[in-house]
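Worksheet: one structure, shown below.
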Amino acid sequence: MRGHWHRFAILLVVVASTAWPARREQQPSSIPRQQCALHALNRLTFGARPGDLERVLSMGVDKWINLELHPERIDDSSLATRLRNLSTLSMSPEQMVETFPPVAVIKAVSQGRHPLPLDVEERAIYRAQLEWYRDKQENEDSKVTGRQAHSPLDSGGETGAGGLNSMLESAHRERIFHLPPGQRMIAILELSAPEQQRLLRSLTAEETSALEMGLLPRQRETLMALSHPEQVVVGELVAGRLLRNIYSERQLEAVMTDFWLNHFNVFLGKGADHYLLTSYERDVIRPRALGRFRDLLVATAQSPAMLFYLDNWMSVGPDSEAARGLSSRRGRQPSEPNGRTLGRAGGGKKSSSGLNENYARELMELHTLGVKGGYSERDVTEVAKAFTGWTIRRPQEGGTFFFDSRMHQPGNKVVLGHRIKQSGEREAIEVLTFLSRSPATAKFIATKLAERFVSDDPPPALVARMEHTFVKKDGDIREVLATLFHSPEFWANAAYRAKLKTPLEFVASALRATGVDVADPKALSEALNRMGEPLYGCQQPNGYSMRAQAWMSAGALVERMHFSLALSAGKLPGAVMSLPELLAGQQVAPDGEHLLAMLEDKLLNGEISPETHRIIAHALDTTPATAIRGERGSGGQELGVIAALLLGSPDFQRR
Amino acid sequence: MHMTRRVFLKSGALAVASTAALPAFLKRAALGIEAGGSGTRRLIVIFQRGAADGLNIVIPHGEPSYYTMRPTIRVPRGSELDLDGFFGLHPAMSALEPLFRQRHLAVVHAAGSPDKTRSHFDAQDYMESGTPGVKSTGDGWLNRSLQGLAGQTVALRAVALRPTLPRILSGEEPAVAFNDIQSFAGGGRNSPAGWPGNVFQQMYADSGDRLLHASAQEAFEAARMLKLVNPHDYTPAPGADYPRGRFANDLRQLAQLIKSQVGVEIAFAEIGGWDHHVNEGSTEGQLANLSQEFSQSLAAFWTDLGDLGEETVIVTMSEFGRTARENGNRGTDHGHANVMFVLGGRVRGGKVYGRWPGLAPEQLNEGRDLVLTTDFRQVLAEALHRQLGIGDLASVFPGFHTASSQFLGLLPG
């Protein structure tokens, strides 16, 4: 182990003889050659897995980067196998809404506006949700009127038969838990709807897993959907994202998907977006993550997820047919001085009364030009007018984009001095094309990419070079990235390990480094919530900051240490780490020092600072073994604590 | 924006596994000495998330339109707890009535954020950033307030009872968030005092990494202080009857922190569930139940603070009010202005502040909701200036112009 940090020290002073790329040779402060592959892995992936470094070295860094830039050439079938049981990941929003109905659909069924499905399991989900919905309505009614609510089961009397019923029910409940999986599912489906709801809504976490034990993936989905259908959709969305980031072979594509999902942020918690984000990620963002910026911009603008999130779907031109129709029908209603008509009095959430500038503003401020991009309030209004009519058909039921000419503001528009002739739906396309080709956009996107891949304060010369490529190649993201990866600033020593891992990068890299086979990523997503960056959970359209100062905090750091300890102790449900497996084939080391050396190699590829190494080694030397592994613990637990110290160390927080 | 995170303790205190002599206030806490007052003034902000129906919480019973616009959810005339002949508290808010009579509690009606958005998340965002209408503000106004505080920064100067730092407290100044004192203080194996927490602490103390070093220092220092609070063993003051629920539990922990005198000057807590579109209820029902939890928690907190209430100001807010008229589902929809409460020893309570805009149809905002006559920043600026002595209000609320001559007079100058 002493040899280890000697090696590290030597690496720091080695001057590369044959460096990649060639240009780097003139840079006296560039990364030593041996570390180039690790640096590339740190930046283009969610962290190196055991064996990755050797693979990149044997392929050659240049060739590997080029391959990552062309994800379509990389086989990703093992990921597909991992994701195959998450059925909603391949459904259209309409299918999801139909299979795992949200409250809006249940309400429609209850009012006779929507038919029940034919499939037995789907029908059971609807039946359960209807029961819950009616029960809730009745309860709320009774609270107001002060009368007792009676469920059909309680009708036998207050205590006598009711007590008997509950005794029978608890005996029945016990029996269900002990049935073999297939029969268990049938027994649950055969329960009366109220019994089913009482059972499923009272489960503890342990009881839930006991009930799910041995069920087929589809049956598990149904079981969850009986009580919380939306949670199936949301849970699979989050699980899919985590599994992809950890296991996809197309790592740069995953990194760029994360980048654009954050750039074009849509908040999961905003109503209908529960059912729209799966398609947003799969059909809008990922296929264009390395494509042309304009295509990505247009696709996000037309996506129901974005139209709903930033309210454009309800934006009505003040002089549009829809607004004029509304005002003539509502002739006696007062109207605002600017001529806008008012929504229904006391109107519901959907009453739209005029122009909504939310999307127009964020489009320029956050998606294209940047906050200092030189646009005025007037430009915001003009862009908003051009976008009127870009709306969603049935947003609560899966939603599809369509242009409603009745909502569209007539007349020509002027955006940043550029005249847009009245042309309906085409106007917004013209705005998007114009914005995507603005030099301010090139600068803004280049800066953000450099912040992601190089450092929180990237060198201006690098940004300028990327900007130039962006303009010259008409916003080709792959080309801009190629410029970035071939720039000396990317390979400069100043960039080496200059980035703090975001919560997602930290969690994903810990799972990749330890080679854990994740069965259920729920514990991982919960950890991300506690670290302050839940997946799809950023309310503000800004997305999470690329700069660590905005999010690194005391509480978040404590969570990283807690997470490292829990992961290494095998206490994360669904993500159980096996150190013996990780160290398979290696001679089990006799003492703490050797274990430390082995784990430094495995988890950090030997990249550990002398200080961190010294402190852990000293602690292992001076702490009694019983304290390290607990009174009755084994050597395996000792290994776990060392792994935890390494994963929670300052060194592992950087990439 | 260029943010530089500040290190909260000067370099001397950053020694490895520091066991340096404790500051006097910590010794007091460690020894369990009850002090009459700590001399620290503090501000506590409470967010009612979901847009509370201020018109049914502080009822304008002198307003005929109130009764015609809310045929099923109105609180019947005479059921309210009259405050001043025009306004009355919802009967479920009775726990706060004595505080109003004792002139510790003030009400500001028709207050809130001037932005017109009816989106919960935008409106909350604006109230937390303190810049209504401006999305790109990176930090929260409570964090910016910390920059204006005099005196030494200690780890628990600004706390939020939440899993993560809320928007309102995020920014360059140190602030910590936790759900549970006990688990943050290292109830498990990550205690800075024991193995392996002590090793983590040394690694970060020795790290040349400025940001990680500072964050870790905050964490370990806060955890160390919290351990002195002795979270296992807390008995609220006699008469402080906290109801059940998360909000009461948060306030109880906050009272414990304040009474331990670990240097809390700014704190944040929240209570959700106010979005009553359907079956809101009248004297009983959903709003009544939540109002009861809210008011009983606050009253218990106030009782629990005892003498320390003298140096405490509590301000409540909610992202917007609700429609003046009830809707077709015996609930209310998203509206505009709302009611705020200001509670504290130095507060000039027993009065409803703010200009009342009226509830007649032609007096409503966009024909549907209470017009806003007091910007929430007006209330908060006064609290920051007169309670915490913050002079540079323009840095806390950029773009908002205010002067002490415009204050409502909630606190003595």
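We did not get these values from a lab; they are worked out from the coordinates using the rules stated. Treat the numbers as computed from the prediction; the structure is a model and nothing was measured. In this analysis, Cβ positions are derived from the backbone assuming ideal geometry, glycine residues included, and neighbour counts consider all displayed protein chains.
Structure notes:
- For segment A:384-392, the Karplus equation 6.51 cos²θ - 1.76 cosθ + 1.60, evaluated at θ = phi - 60°, returns couplings of 4, 5, 4, 8, 5, x, 6, 9, 10 Hz by residue, with Gly and Pro reported as x.
- Calculated from the alpha-carbon coordinates, segment B:103-222 shows an Rg and a Dmax of 18.1, 55 Å respectively.
- Averaged over A:538-550, number of beta-carbon atoms from partner chains that fall within 10 Å: 5
- Radius, Kirkwood style, for segment A:500-655 when every pair of distinct Cα atoms is counted (Å): 16.3 Å
- Counting other Cβ atoms within 10 Å as a rough exposure proxy, the listed residues A:H562, A:H408 run A:H562, A:H408 from fewest neighbours to most.
- Phi to ³J(HN,Hα) by Karplus 6.51 cos²θ - 1.76 cosθ + 1.60 over segment B:357-368, Hz, x for Gly, Pro: x, x, 10, 4, x, 6, 8, 8, 6, 6, x, 9
- Relative counts (whole %) of C-alpha pair distances in segment A:261-311, using bins that are 5 Å wide: 5, 24, 36, 23, 10, 3, 0
- Annotation for A:T433 and A:E190: the two label points, set 7 Å from Cα along the Cα-Cβ direction, are 6.5 nm apart.
- Note on B:205-217: average number of Cβ atoms from other chains within 10 Å of each residue's Cβ is 6.
- Here's the list of lysines a cross-link from B:K116 could span, going by alpha-carbon distance under 21 Å and ignoring same-chain residues fewer than 8 apart: A:K270, A:K349, A:K350, A:K385, B:K135.
- Peptide B:107-119 - average C-beta neighbours from other chains (10 Å radius): 1
- Neighbour net charge for B:A95 - beta-carbon separation under 14 angstrom, K R +1, D E -1: -3
- Highest-first packing order for the peptide set A:229-236, A:186-193 is A:229-236, A:186-193, based on the mean count of other beta carbon atoms within 10 Å.
- Of the residues A:T208, A:T391, the one with the fewest other Cβ atoms within 10 Å heads the list, and the complete ranking is A:T208, A:T391.
- When B:R118, B:R346 are arranged by Cβ crowding within 10 Å, least crowded first, meaning fewest neighbours, the order is B:R346, B:R118.
- For B:A177, the amide hydrogen comes within under 5 Å of the amide hydrogens of A:G555, B:A160, counting only partners 5 or more places away or on other chains and with H modelled in the peptide plane.
- Ordering of B:52-58, B:80-86, A:460-466, A:597-603 by packing [mean C-beta count within 10 Å, highest first]: B:52-58, A:597-603, A:460-466, B:80-86
- Counted over all Cα-Cα pairs of segment B:26-171, pairs farther apart than 28 Å make up 43 percent.
- Packing rank of A:537-545, A:360-368, A:109-117, A:55-63, where each peptide gets the mean count of other beta carbons within 10 Å, highest leading: A:360-368, A:537-545, A:55-63, A:109-117
- Convex hull projection area averaged over all views, segment B:280-389, Cα basis, nm²: 8.1 nm²
- Loop-resident trypsin sites (Lys or Arg not before Pro) (DSSP state other than H, G, I, E or B) in segment A:391-439 with no more than 13 further Cβ atoms inside 10 Å of their Cβ: A:K421.
- Among the listed pairs A:K413/A:K472; A:K372/A:K443; A:K472/A:K501; A:K63/A:K472; A:K499/A:K522, those with a Cα-Cα distance over 22 Å are A:K413/A:K472; A:K472/A:K501; A:K63/A:K472; A:K499/A:K522.
- If you wrap the tightest convex hull around every Cα atom of the protein assembly as shown and split its volume per residue, you get 188 Å³.
- With each label modelled as a point 7 angstrom along the Cα→C-beta vector, the A:D621-A:V414 pair spans 7.6 nm.
- When the alpha carbon gyration tensor of segment B:190-293 is reduced to an equivalent ellipsoid, the three semi-axes, largest first, read 39, 18, 11 Å.
- Neighbours of A:S279 by Cβ distance under 12 Å: Lys/Arg scored +1, Asp/Glu scored -1, total -2.
- Isotropically averaged projected area of chain B, using the convex hull of Cα atoms (one quarter of hull area), nm²: 19.7 nm²
- Taking a sphere under 10 Å around the Cβ of B:A185 and counting the other residues whose Cβ falls inside, with K and R at +1 and D and E at -1, yields a net charge of +1.
- Loop trypsin sites (Lys or Arg not before Pro), segment B:228-283, which have at most 16 other Cβ atoms in a 10 Å radius of their Cβ (DSSP): B:R244
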